[in-house]
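Since the structure comes first, as structure tokens, the remarks are kept for the end.
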Amino acid sequence: MRGWLQRDPAFTWRRALALIGVLAAAGVLRGLELQDNGIGHAYYGATVFSMMKSPANFWYAAAEPGGSISVDKPPLGLMLQAASAWIFGFNWISLALPQLAAGMLSIAALHALIGRRFGFWAGMTAALALATTPVAAMLDRTNMLDSTLALTQIAGVGFGLQAARSGRLRPLLWAMVWFGLGFNIKMLQAVFALPGVVIAYLLGAPVPGGTRIRRLALAGMVYAAVALGWAAGIALTPAEQRPWIGSTLSNSVSELIFDYNGLARISGVAGVPDMSGGLADFFREPLRVMTGGFFYGAGFVLPVALAGLAAIGATWRPRKRLAEPYLSALVWGTWLVAGVLVLSGARFIHSYYAIIYAVPAAALTGVVASQVLGQGGRQRAALWVALCGGVSAYALATATGDGYSPSWCAIPAAATVTAAGLLALKRTRAAVAAASAALFCGPLLFTGLTSVMPLDRTIPEPFGGVLTAERLAAHGEEGLDFNPEALKFLLANTAESAYLVAVPSAQLGAPYVLHSGRAVLYIGGFAGREAWIGVDGLRQMITGGRLRYVYLPVSLDIRRPELRAWATADCRLVAGVDLMPPEIRLVDGQRVYENIPPRGIDSLYDCAPAGN
């Protein structure tokens, strides 16, 4: 048998059908029951709604229509959602569409990048790995920004590899442009793929060393200009002429970049980067990425990628410049290892963060397949069968240990046994196909289950990462994220006010923006920790007729006791109005909404001047 994964430029109709089939399946998994996801993450949905209200809100990514405070991310990804909403109307489909398109383009781009260098079927392996990664499919169905970011990183890596192979300046500059655009989507999360490209160009570009350094310096300036252009514009704008920078204590864009969207993601506490325990404490959970929600989200092909990366690295010997597969292994591997290490120790963590390393894991799976199978032969096929079988066995043990039925893994287990039998019968091609089926059956199953599972709109997780039994039992039942009676009261009594109400945080207030179309003042920012407006500011808004009602639940007293003292002295309590959404209980598999005091009752204050 000769290398069935060797590069063949002929794009036959069979290959075209295979690629179309993978893309079609990925589209179905991402679009299935998409209309049932509500409005997605209310905070980002309300931001897009607000951005559509004025050019200033659009540029500053205002988190609410009044433009008082910005969202906790740069605006580029949200601008794409706003553009989609302008075209198709403000609804869930239009908000999810940019991410869905980015996910599909990422699969096609990954196939092109791996297939062009390592052969069509290696590209198909990488594309299939990403298409069936549950966390990727899940994020493509939300209004979160990670899918759009992933596409910019793939584009940056593609141009970076082209630059490293050719030594040319233009693709290197294009790589920096794409990485810079990614920075304007999720800031420091966009840097994981960048170091590998820089190192690869420095070590592998076929131009003199001095030329490499000069070109990298120029590329660095281009990256800085694109990545920091928006942030610089915000920093140079007087504070009184723009919204408060959300999720910061100092109204500083540098704090947003390096603290809230940087060190705080590692330390777990904004403004308190705790590394007191050293590296041993930081990497205290090295196997986290292969357990729980991380495994079900992006762990199925991760062992193949890491094992293959280690094997490729072990065969490398110093040369004047890097050749394939070492060049690709360096770029994708640096991205993968950086993501795995950071998520192994980070204290502020959600399982959907696994998307950080899911893309390079998929790419390296294709590279590994080409290296194991590229020369053909029973020995290499046996290695692939063993690798796929080992991963399938781990998946079976993990799922069974977590309480899932062993029958879920019957197909990959049967495929693994079949592959071993076919290999013994010298049916090498069939054995490789069966082993590959075993590898991808698990992620395909969990991706399919994710596609029909109602997502948590604040912290979405793929199937297996949450209490999926309760979620599935409540499938199709829309969860309330606001109190309809409170909204009715506020709408009836604030016709003359610019703001519907002031609330402690965007987590409470964003649903009211979406359900009323009105401005809501987030006096504590996203989570209630920013004291960006005080008693004097609230008084000015009330005196100017822009605000009437202020909602101050008892839980806010710990952070802002002065607000309660002011409201008690200057405002009038509105009895019986609770802005908190009703409690949701599952009774016989159905959602039951209950207003259970005391929660937020007797917390709404009417601060309009007496006689109004």
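The values are calculated or read from the model by the stated rules, or taken from the named source; none is laboratory data. Remember, it's a predicted structure, so these values are computed and weren't measured experimentally. FYI the Cβ positions are ideal-geometry reconstructions off the backbone, even for glycines, and counts take in every protein chain you see. Surface areas here come from the heavy atoms of the whole protein model, side chains and all, with no ligands, DNA or RNA. Shrake-Rupley method; radii C 1.70, N 1.55, O 1.52, S 1.80 Å.
Below are the figures for this structure:
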item: Members of segment 501-536 found to be among the hydrophobic types (A, V, I, L, M, F, W, C), closer than 12 Å to residue 246 by Cα and under 24 Å from the mean Cα position of the chain (by Cα), listed by number; result: 506, 526, 527
item: Within segment 166-187, tally of residues that are open to solvent by 10 Å² or more (accessible area, probe 1.4 Å), in contact with a helix residue (DSSP H, G or I) (Cβ under 7 Å, 6 or more places away or on another chain) and either over 17 Å from residue 221 (Cα atoms) or β-branched (Val, Ile, Thr) (or both); result: 2
item: Output for segment 513-534, where each listed residue is hydrophobic (A, V, I, L, M, F, W, C), surrounded by 15 or more Cβ atoms within 10 Å (Cβ to Cβ) and more than 20 Å from residue 577 (Cβ to Cβ); result: 526, 527, 532, 533
item: Qualifying residue in segment 101-121 (condition: open to solvent by 10 Å² or more (accessible area, probe 1.4 Å) and either β-branched (Val, Ile, Thr) or under 30 Å from residue 242 (Cα atoms) (or both)); result: no
item: Any chance residue 65 is in contact (Cβ under 8 Å) with a residue 60 or more places away in the chain, assigned to a loop (DSSP other than H, G, I, E, B), open to solvent by 10 Å² or more (accessible area, probe 1.4 Å) and not aliphatic (A, V, I, L, M); result: yes
item: Matching residues in segment 69-94 - criterion: being assigned to a loop (DSSP other than H, G, I, E, B) and in contact with a helix residue (DSSP H, G or I) (Cβ under 9 Å, 6 or more places away or on another chain); result: 71, 72, 73, 74, 75, 90, 91
item: Test: residue in segment 545-554 that is under 19 Å from residue 61 (Cα atoms) and open to solvent by less than 20 Å² (accessible area, probe 1.4 Å); result: no
item: Within segment 276-308, tally of residues that are open to solvent by 30 Å² or more (accessible area, probe 1.4 Å) and at pLDDT 90 or above; result: 3
item: Residue satisfying condition, being farther than 26 Å from residue 115 by Cβ and open to solvent by less than 10 Å² (accessible area, probe 1.4 Å), within set 381, 399, 363; result: 399
item: Members of segment 202-228 that are in contact with a helix residue (DSSP H, G or I) (Cβ under 8 Å, 6 or more places away or on another chain), open to solvent by 50 Å² or more (accessible area, probe 1.4 Å) and assigned to a helix (DSSP H, G or I); result: 202, 203, 213, 215, 218, 225, 228
item: Whichever residue in segment 168-185 is in contact (Cβ under 8 Å) with a residue 24 or more places away in the chain and more than 17 Å from residue 356 (Cα to Cα) and, among such residues, is farthest from the chain's Cα centre (by Cα); result: 169
item: Residue check for residue 161: touching a Ser or Thr at 6+ places or on another chain (Cβ under 8 Å), part of a helix (DSSP H, G or I) and over 30 Å from residue 42 (Cβ atoms); result: yes
item: Residue match in segment 521-529 (condition: among the aromatic types (Phe, Trp, Tyr) and in contact with a Cys (Cβ under 8 Å, 6 or more places away or on another chain)); result: no
item: For residue 452: the one exception among (1) at pLDDT 75 or above; (2) buried (at least 22 other Cβ atoms within 10 Å of the Cβ); (3) among the hydrophobic types (A, V, I, L, M, F, W, C); result: (2)
item: Residue in segment 377-385 that is of a type in the set (Gly, Ala, Ser) and modelled with pLDDT of 80 or more present; result: yes
item: Count of residues meeting criterion [assigned to a helix (DSSP H, G or I), at pLDDT below 95 and open to solvent by 10 Å² or more (accessible area, probe 1.4 Å)] in segment 487-511; result: 2
item: Complete set of residues in segment 242-266 that are of a type in the set (Val, Ile, Thr) and outside any loop (DSSP other than H, G, I, E, B); result: 253, 257, 266
item: Residue within segment 311-318 that is open to solvent by 10 Å² or more (accessible area, probe 1.4 Å) and under 27 Å from residue 141 (Cβ atoms) present; result: no
